[in-house]
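Read the structure below first, then the notes.
The values are calculated or read from the model by the stated rules, or taken from the named source; none is laboratory data. Please read all numbers here as calculations on a predicted model, not as lab measurements. All Cβ positions, even for glycine, are placed from backbone atoms using ideal geometry, and neighbour counts span all protein chains on display. Side chains are part of the model used for accessible areas, which takes the heavy atoms of the whole protein and leaves out ligands, DNA and RNA. Shrake-Rupley method; radii C 1.70, N 1.55, O 1.52, S 1.80 Å.
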Amino acid sequence: MTPRLRAPIRDRRALRAAVLACAALAAMPARAEPVRAVVELFTSQGCGACRAADPVLRDLARKPGVVALTLPVTYWDYLGWKDTLALRPLTERQRAYARGRGARQVFTPQVVVDGNGFAVGSDRPALDRLIREACQHGGLPVPVRGEMKGDRILVEVGAAPEAKTEIRGDVWLVPVLRSRAIAIQAGENGGRTATYVNVVRGMQRLGHWTGQPISFEVPDAQAHIADADSWVVLLQGAADGRPGRIFGAAKGPGL
């Protein structure tokens with residue numbers, strides 16, 4: 001019988017300490033991945049082509065580094081079904097994007113990436129390319145953080161990168177409804193169900209950002225308007241009242 005070899009007591013203690021240290025490290029919560037892209041999908045329950053874009057956004061919403069938002073618009077309501085989630089300010093946001101790039105018309109499904117990349121919402125290869133190109137060109141250069149502190153939301157926005165000290169923007173709190181299935185009873189999608197994620201329920205401007213670190217503290221109730229159950233923070237530039245490039249973003253609970 002081969003005798004069992006025992007390590008010296010000092011070595012065994014060191015090994016045990018190393019194992020405990022690894023276990024403690026594994027038990028620590030992973031740091032949230034920074035947001036590297038913001039994807040806005042403009043859509044409508046009355047748009048026949050929009051249902052092909054819904055699963056694309058749902059898939060993107062599962063990616064830790066992506067903020068994926070659904071923005072229902074109002075201009076297809078005349079087709080026989082009034083969108084139950086659409087908001088006129090979201091329609092105006094899409095039109096403002098169009099004016100900013102010199103486009104005369106808006107359409108659905110349309111995606112906007114980081115406020116300055118545009119594609120058809122159901123075109124996954126084009127969308128992936130926009131996200132990849134945005135990351136290659138610096139992605140979202142300003143750190144933004146949002147967290148719950150009791151019944152308050154603490155928002156912290158970092159400084160502009162040294163090479164881009166001229167950028168400015170506005171900080172927005174965006175209440176969202178994390179998930180909703182809508183049975184559409186009439187119009188082009190009559191008899192079908194639209195399954196949405198991260199539906200925007202409003203946009204609240206917290207204040208202006210001058211390129212220097214700034215923080216805001218707002219009541220949690222301010223993010224839970226209508227049926228919203230979470231929120232997103234956006235730091236976005238503006239030109240002549242039109243939304244511009246998104247410089248930073250943060251996700252709220254459950255996103």
- Message: Could you tell me which residue out of Ala249, Thr193, Trp209 lies farthest along the dipole of the stretch 176-255 toward its positive end? Charges go on the beta carbon: Lys and Arg +1, Asp and Glu -1, centred on the Cα centre.
- Response: Thr193
- Task: Report the extension gain between Asp151 and Lys164 in nm, rounded to one decimal, defined as 0.36 nm multiplied by the number of residues separating them, less their alpha carbon distance.
- Result: 1.2 nm
- Query: For the stretch 186-239, what does the equivalent ellipsoid look like in terms of its semi-axes, each the square root of 5 times an eigenvalue of the Cα gyration tensor, given largest first in whole Å?
  - Reply: 32, 15, 8
- Among Cys47, Leu130, Leu235, whose Cα lies farthest out toward the positive end of the dipole of the chain, if unit charges sit on the beta carbon of Lys, Arg (+1) and Asp, Glu (-1)? Leu130
- Message: Students often get this wrong: which residues of the stretch 154-174 have the backbone nitrogen under 19 Å from the point 7 angstrom along Cα-to-C-beta of Thr210?
- Response: 156-172
- Message: Show me, bin by bin at 5 Å from 0, the whole-percent P(r) of the chain based on Cα pairs.
- Response: 1, 6, 12, 15, 17, 14, 10, 6, 4, 3, 3, 2, 2, 2, 1, 1, 0, 0
- For the chain, averaging the sequence separation of alpha carbon pairs under 8 Å that lie six or more residues apart and dividing by its residue count, the contact order in percent is 21 percent
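Under unit Cβ charges (Lys, Arg +1; Asp, Glu -1), what dipole magnitude, rounded to 20 debye, does the stretch 37-251 have relative to its Cα centre?
On the way: 27 positive and 22 negative charges, 70 e Å.
Using only the charged Cβ atoms, the result is roughly 340 debye.
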- Message: Given the whole protein assembly as supplied and a 1.4 Å probe, what does the accessible area of Thr210 come to in Å², nearest 10?
- Response: 70 Å²
- If the chain between Ala181 and Ala221 were fully extended at 0.36 nm per residue, the gain over the current Cα-Cα distance would be 12.0 nm
